[in-house]
Amino acid sequence: QQPVQSPQAVILREGEDAVINCSSSKALYSVHWYRQKHGEAPVFLMILLKGGEQKGHEKISASFNEKKQQSSLYLTASQLSYSGTYFCGTETVEYGNKLVFGAGTILRVKS
Amino acid sequence: DVKVTQSSRYLVKRTGEKVFLECVQDMDHENMFWYRQDPGLGLRLIYFSYDVKMKEKGDIPEGYSVSREKKERFSLILESASTNQTSMYLCASPPAGGRYNEQFFGPGTRLTVL
């Protein structure tokens, strides 16, 4: 089952903060976050694992609530370069080692 | 750096044609994945492979097949292209283990079926 991302789109001014949420109806092993700029391939941002381990870029922060099967990506002091579409990918018990991606959240940062 | 390449950035085919999309990774990864990306639907998994000659269906395999004869190459085949297969196709490959490692994506192939 595809995870649900919210919001679908958000517009920020430089320096503002944003939170992107990812929610699954299934028990999760891990949550991945990717950013895709227009016309480019998705780029890895972060992995959050069951049990609390995280792996990713230093400037990106995220949380993973295993009980609620939810993850949130925190974008603070946004820059123009943060613009793009953000995808979460979830690895569930049911689907094994496959990642199931959400529909994406479009983020636009304006000057 | 890991490099994932795809044979074409843009492709235009006619309905009924057999279409081959190729993906090559240069880091000796065992795992390779094919996704299609459509607006509002995100990335949906078509097929994946954990080893040479090994393949598994993803969430939307209908109308597609795959081939993995060599470890570095994973091909997606549209047996008889249809207009509803017009989409962006992305190949991805994570390092060994796959589970706790990021997926490296290719640049994508935008396929238009007329």
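The values are calculated or read from the model by the stated rules, or taken from the named source; none is laboratory data. Just so it is clear, the structure is predicted and the values come from calculations on it, not from any experiment. Using ideal geometry, Cβ is built from the backbone for each residue, glycine included, and neighbour counts are taken over all protein chains shown. The accessibility values were calculated without ligands, DNA or RNA, using every heavy atom of the protein model including side chains. Shrake-Rupley method; radii C 1.70, N 1.55, O 1.52, S 1.80 Å.
Shown are B:Asp38, A:Asp17, whose ranking by accessible area with a 1.4 Å probe and every protein chain present, most to least, is A:Asp17, B:Asp38. Averaged over its residues, chain B has an accessible area of 48 Å² per residue, based on protein heavy atoms and a 1.4 Å probe. With a 1.4 Å probe rolled over the protein heavy atoms of all chains, the accessible area of A:His57, A:His32 falls in the order A:His57, A:His32, largest first.
Ordered from largest to smallest accessible area (heavy atoms of protein chains, 1.4 Å probe), the residues B:Val24, A:Val19 come out as A:Val19, B:Val24.
With the whole protein complex present, B:Thr83 retains an accessible surface near 90 Å², based on a 1.4 Å probe.
Secondary structure note: in the protein assembly as shown, about 90% of the DSSP beta bridges are antiparallel.
Its convex hull of Cα atoms gives segment A:4-110 a direction-averaged projected area, equal to a quarter of the hull surface, of 6.3 nm². Over all projection directions, the Cα-based convex hull of chain B averages an area of 6.6 nm².
Listed by chain and number, the lysines whose C-alpha is less than 17 Å from the C-alpha of B:Lys53, apart from same-chain residues fewer than 8 away, are B:Lys70, B:Lys71.
Its relative contact order, with pairs defined as Cα atoms under 8 Å and 6+ residues apart, puts segment A:4-110 at 38 percent. For trypsin sites (Lys or Arg not before Pro), the sites in segment A:26-111 that DSSP calls loop and that have at most 13 other Cβ atoms within 10 Å are A:Lys37, A:Lys59, A:Lys67, A:Lys68.
In chain B, once you exclude exposed trypsin sites (Lys or Arg not before Pro) (DSSP loop, at most 15 other Cβ within 10 angstrom), what's the longest stretch remaining? For trypsin sites (Lys or Arg not before Pro) (loop position, at most 15 other Cβ atoms within 10 Å), the longest site-free span of chain B is B:19-52. When a 1.4 Å probe is rolled over the protein heavy atoms, the share of accessible surface on the protein assembly as shown that falls to carbon and sulfur comes to 48 percent. Computed over segment A:59-105, the Cα gyration tensor eigenvalues convert (square root of 5λ each) into semi-axes of 24, 14, 8 Å, ordered from largest to smallest. Cα centroids of segment A:24-58 and segment B:1-74: 21 Å apart.
Under the criterion of Cα pairs below 8 Å and six or more residues apart, the relative contact order for chain B equals 36 percent. Remark: chain A carries 50 Å² of accessible area per residue (probe radius 1.4 Å; ligands, DNA and RNA excluded). Give me the log10 of I(q) over I(0) for segment B:2-54 at q = 0.25, 0.29, 0.30 Å⁻¹, as the Debye formula computes it from C-alpha points; what are the numbers? These q points yield log10 I(q)/I(0) values of -1.21, -1.25, -1.25.
Here the 3J(HN,Hα) profile of segment B:84-93, calculated from phi with Karplus coefficients 6.51, -1.76 and 1.60 at θ = phi - 60°, is 6, 9, 5, 5, 9, 10, 10, 9, 9, 8 Hz, Gly and Pro shown as x.
Taken over the C-alpha atoms, the protein assembly as shown has Rg and Dmax values of 17.3, 51 angstrom. Surface burial for B against A, with a 1.4 Å probe and both sides summed, reaches about 1800 Å² of accessible area.
On the basis of the beta-carbon distance and an R0 of 30 Å, A:Ser111 and B:Ser8 show a calculated FRET efficiency of 0.25.
Translational diffusion of segment B:42-109, estimated by Stokes-Einstein from the Kirkwood radius over alpha carbon pairs at 10 °C in a medium of 1.306 mPa s, is 123 µm² per second.
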